[in-house]
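Take a look at the structure set out below.
The values are calculated or read from the model by the stated rules, or taken from the named source; none is laboratory data. Fair warning: this is a prediction, and the values are worked out from it, not measured in the lab. Reconstructed Cβ throughout: ideal geometry from the backbone, glycine too, with neighbour counts over all protein chains shown.
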Amino acid sequence: MTQPSTFVLGVDLDGVCADYTAAFAAVVAEAKGCEVAALPADRSWDFGEWALDDLGGFEHLHRQAVLEQRMFRDMPMIDGCAEVLWRLSDAGVWIRIITHRLVVHWGHQIAVADTVAWLDANNIPYRDLCFLGRKPEVEADLYVDDAPHNVEALRAHGNEVLVFDQPYNHAVAAPRVRTWADIEEATLARMVAAGIAVHPPLPIPGQDDDRLRRAAPSPLDG
């Protein structure tokens, strides 16, 4: 059980920390021989608007992106993610990354290694890293997720979830956050409401800049 003095934030990775849509769009555009701008930004969860069937379908392209193009290692970070997670960690929040990335058969080693390399390269703080699809099995006081089915499953088990705004989840009920600043505000508010002390920031000049600039080289880089 979570200790009363600890506030655990369960954070999804793709679509919340990492910009999966942007990374996958580059893969699809290359396969189609088109510009990324030609792919509709207002997409559904299954990428139906991108007409992937002629290219082998989503699963085929996703597998290629993960195993051959190492998408999990190189995808862009969503603005504000690292900065806010550092501030929340300093405030006493236990950061638990929860992701369902082990969906490519015989590709788990690459998926796990590239995920860890990406987290290190982007200087994202976390205490736990969980790879599983059944997110209600992972305990947290508050979750942030973008996938409609994950939000519904977590809420069905009595969990509080912040919906990270994406085009494919507009039908999901609030509470909703659109930026990492929104996540920070909502997390601290719930932490205070739970009676858990928020640690004041340490006045160390340059600390935040140093941590965010200290990009660790990936062990997979040549």
Matching residues, segment 23-61, being of a type outside the set (F, W, Y), under 13 Å from Y168 (Cα atoms) and either surrounded by fewer than 16 Cβ atoms within 10 Å (Cβ to Cβ) or out of contact with any Asp or Glu (no Cβ under 6 Å at 6 or more places or on another chain) (or both): P40, A41, D42, S44, D46, G48, E49
So D209, is it at pLDDT below 95, surrounded by fewer than 17 Cβ atoms within 10 Å (Cβ to Cβ) and outside the structural domain of G92 (by TED's automatic domain parsing): no
Taking segment 125-182, which residues are among the acidic types (D, E) and either touching a His at 6+ places or on another chain (Cβ under 9 Å) or surrounded by fewer than 17 Cβ atoms within 10 Å (Cβ to Cβ) (or both)? D128, E137, E139, E152, E160, D165
